[in-house]
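Remarks on the structure that follows.
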Amino acid sequence: MSDPIETVKVSTTAPATQLQPVTAAESSSDEVTVVHQAPLAELEDIPPDPTDEDEEEEDNKKDSIDEKMVAASKEEMPSKKSSAEDSILSVIYTASKKVFIVGSIYLVGYMGWSIAWLIAPVILSVARDRWQKSTKHKRSIAKASALASEKEVILARIDELPAWVYFPDVERCEWLNKILKQLWPNANHYARTLVKQTIEPNVAESLAFYKLPGFRFDRIILGTIPPRIGGVKVYDYNVARNEIIMDLDLFYASDCDINFYLGAMKGGIKDFQIHGWIRVVMKPLIRTMPLVGGLQIFFLNNPNIDFNLVGIIDFMDMPGLSDLLRRIIVEQIGNIMVLPNKLPISLSDEVPAASLKMPEPEGILRIHVVEAKDLMKKDIGMLGKGKSDPYAIVNVGSQEFKTQIIDNNVNPKWDYWCEAQVFVELGQYVEFQLFDADETRKDEPLGRATIEIVNVVKRGVVDTWLTLEEAKHGLLHVRLQWYKLTAEPADLQAALMETQLLRVTSMSTALLIVFIDSARHLKSARSNARPDPYLVCSVGKQKQQTAMIMRDDSPVWEQGFTFLVGNPDNDTLQIKIYDQKTGLEIGQYGYVIACLMNKENMEMVSQPFQLQKSGPDSKLIMSLALRILKKVDIVEDTDVTSEASTISQLARAASVKQSPSAQDKGSLRDIQSQSSRLSSESPLTEEEPIALKVSSDTMNLSTTPTRSPKLFSANLAGSGDSQLTHRFPDITSSAGENGLGRIQLSIHYTVQRQKLFITIHKIMNIPLRDPTNIPDPYVKLYLLPGRSKESKRKTVVVKDNCNPVYDATFEYLISMAELMQSELEVTVCTQKGFLSGGSPIIGMLKISLNEADIIENGLNTWFDLQPEQKHD
């Protein structure tokens, strides 16, 4: 008796990584028994064993799959029964190609060019052919998978199981695939209409921007292969009562045949494939048939899209026109069905269009791309590997943001801010992609990383270093903060104050939601002809445009838009309606956004507005809503909170518990850091502030404080007299304990911006040893350890002055962890020192940045200059 067949038991409730070999007798009826077969990609037959009947049956299954794969591959090859005309054209094309190659070689020799002109195109051609063969093979395999049943796909490709195997809450839906197969001929007509009416004009407009007019689809045949659903997940918690939400694992490998024209050039699209999770929202639920008022269909994140360009467009693929067209087509698909864009379908006349088509953001995600470290070196230098010119691309659904390019740096600091609208918290993620910019070739990837938005929503703020995937090494520092949307006008003041503190002008305080319903009785731009109207609405530099309606003076658009608003008190919504054929303006309207602050719930629903520069009866029907950005409560991790409190306590202890004996035992750096801040001129301490009357006598006080004063602590005294309480004097008469002068500095670190701000106010009492040689002082700053060129900051030179005033502020982009291990080196120099032959350094000092005052309130005090020290 033969041994039992070894199988793999795949539990429908366990992840695919827990596959265990068992015998056939051990597998239960509730489990899927998967037999080890050759992978589908190998495309080779396995000889059957005639001595075993069971194995013969399994081989028959393999043969049936291989036959389907071969049939799919044969679709890519020309038919043997081709016409005589095709044969002649094929011979002419082959001969022309040979003549072109021979002519190119002759031209290279005739012109006396370098051999590189011949080798480079050959290398590019070989690489392109290999890439095309690889992608063609993958598409053939995908087609075979789409044609086969799910059971055969599992048996043939154990390494690519459907979603219901990996995720226990995803269910099989083979019944749905059977329904789609029946419905696909009818759905095919709807998809063709959608491509013709929506994608075609948008692609044509995008190509026209690159001076490539005349794009149009000629033939659209989506084929007979329907989409396949690998699994379905229906949400039964955290869902509103009037909606049903489900996620579908969609895989579509079509046998489409689409032809288009770009001017006089003819091209085509074949083997179109798309794979991703698509969400279907049924809302609102109604009490009459069909019980569901409408559908919203959209991808949560950018799906994987691939297709093959054929015709003359494919001939010009090196890269250029083909790459541009491919990118634009993918972008337009995202603009239709990738969040924040949705495909709404109305199922009942009882449901108003605004409830389905008006945007409904759940919040705003503020993203700060701070810096990266240890990126890969992609550029080739004279002595081998050079550096990179990195930039980052941030994707949230179809929303894309790009940082500036930092040249020749593998540790770039971008300090880039952007804001993304989030329509679905659960299931969406933020994707960061890093590239090396190249002018002569395609930008090379440096790695990628993702963060789930739901984690940011739960914690309020995520400040972290991400390890780059698909890279040998590299880290990315990002900070994300979640803002909810409120309808309370009182929250606006707090939002405005926060943006002012950030000092980032591109940040927003509110979100304006606009739903353009329709227009009535528009004037005609041409005599005896109705207009072809489209509407453009804008807020500041942001612009959105509706679709064009052919020959209609009362168009119905039913489109929604959102605009991030910097300050509702100052911004205005501008609306203009144009006729497409003439380009003339046939109506306009301006609405002051601040007017919504006085409306109930800060919104207006389906209100008519009288259009200007149009007919007397011309009106615009639209809905408006204003929402204020409000920070959510920050939920910090226990480990992070305890670590931060420990650092703060250590820093505070270091600044308070410094006794003379401890200073004597400490290092020279600690002694200088503490003694340089002993203000022999200031009579004020933090524990015992005194009230000073504004008079000339104020500057003649002299005591010694026990610790450094804090920054910006000026307030009125508690008594009725008009007296001002200072934490530090603005002028000092002392030259410091070393007689080298004193310098006034303000140091403050903001966690939200990840920036260290240093202000050099002034220097007082620089010693004048030679009356004929008055110094020309300036100040240099370095961050230690390292003393890198990137951390160098320098003030202007003040000529012939022993008491120079600068009031210059410098910034450092630095994380909290780095700040705790850094020092600030301040050096006061004179420009005349270089000419006299002596040392240009007047004095210097080092300040430890591991102090609680710098992070909490900021530090502003006088420091005694120390003698020159040699660099470590």
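Within segment 442-475, if we keep just the residues that are over 17 Å from Glu371 (Cα atoms) and part of a loop (DSSP other than H, G, I, E, B), the residue that is least open to solvent (accessible area, probe 1.4 Å) turns out to be Gly460. If you go through segment 512-568 and keep only what is assigned to a loop (DSSP other than H, G, I, E, B), free of Cβ contacts under 8 Å to residues at least 60 places away in the same chain and either of a type in the set (Gly, Ala, Ser) or open to solvent by less than 30 Å² (accessible area, probe 1.4 Å) (or both), you end up with Ser527, Pro531, Asp532, Gly540, Thr546, Ser554, Pro555. For segment 784-793, enumerate the residues that are open to solvent by less than 30 Å² (accessible area, probe 1.4 Å) and more than 29 Å from Leu501 (Cα to Cα). Scanning segment 784-793 gives no hits. The number of residues in segment 190-229 that are among the small types (Gly, Ala, Ser) and free of Cβ contacts under 8 Å to residues at least 12 places away in the same chain comes to 1. Considering only residues in segment 569-582 that are open to solvent by less than 50 Å² (accessible area, probe 1.4 Å) and outside any loop (DSSP other than H, G, I, E, B), the one that is farthest from Gly615 (Cα to Cα) turns out to be Thr572. If only residues of segment 348-363 that are open to solvent by less than 60 Å² (accessible area, probe 1.4 Å) and in a loop (DSSP other than H, G, I, E, B) are counted, the one that is farthest from Leu285 (Cα to Cα) is Pro361. Scanning segment 483-505 for residues that are closer than 30 Å to Lys413 by Cα and touching a strand residue (DSSP E or B) at 6+ places or on another chain (Cβ under 6 Å) turns up Tyr483, Lys484, Ala495, Val504. Scanning segment 375-416 for residues that are over 10 Å from the mean Cα position of the chain (by Cα) and closer than 30 Å to Ile513 by Cα gives Gln404, Asp415, Tyr416. The residues listed here are Leu768, Leu781, Leu819, Leu813; of these, the one that is more than 24 Å from Leu476 (Cα to Cα), open to solvent by less than 60 Å² (accessible area, probe 1.4 Å) and either under 43 Å from the mean Cα position of the chain (by Cα) or of a type in the set (A, V, I, L, M, F, W, C) (or both) is Leu781. Of all the residues in segment 383-429, those that are aliphatic (A, V, I, L, M), part of a loop (DSSP other than H, G, I, E, B) and under 16 Å from Gly474 (Cβ atoms) number 2. Residues in segment 486-511 that are closer than 14 Å to Met602 by Cβ and open to solvent by less than 70 Å² (accessible area, probe 1.4 Å): Thr486, Ala487, Pro489, Asp491, Leu492, Ala495, Thr509, Ala510, Leu511. Checking each residue in segment 293-315 for being surrounded by fewer than 19 Cβ atoms within 10 Å (Cβ to Cβ), in a strand (DSSP E or B) and among the aliphatic types (A, V, I, L, M) picks out Leu295, Ile297, Ile305, Val310.
The values are calculated or read from the model by the stated rules, or taken from the named source; none is laboratory data. A quick note: this is a predicted structure, and the numbers were derived from the prediction, not measured. Because the Cβ atoms are built from the backbone with ideal geometry, glycine has one as well, and the counts that use them run over all protein chains shown. We work out accessible area using only protein heavy atoms, side chains counted, and drop any ligands, DNA or RNA first. Shrake-Rupley method; radii C 1.70, N 1.55, O 1.52, S 1.80 Å.
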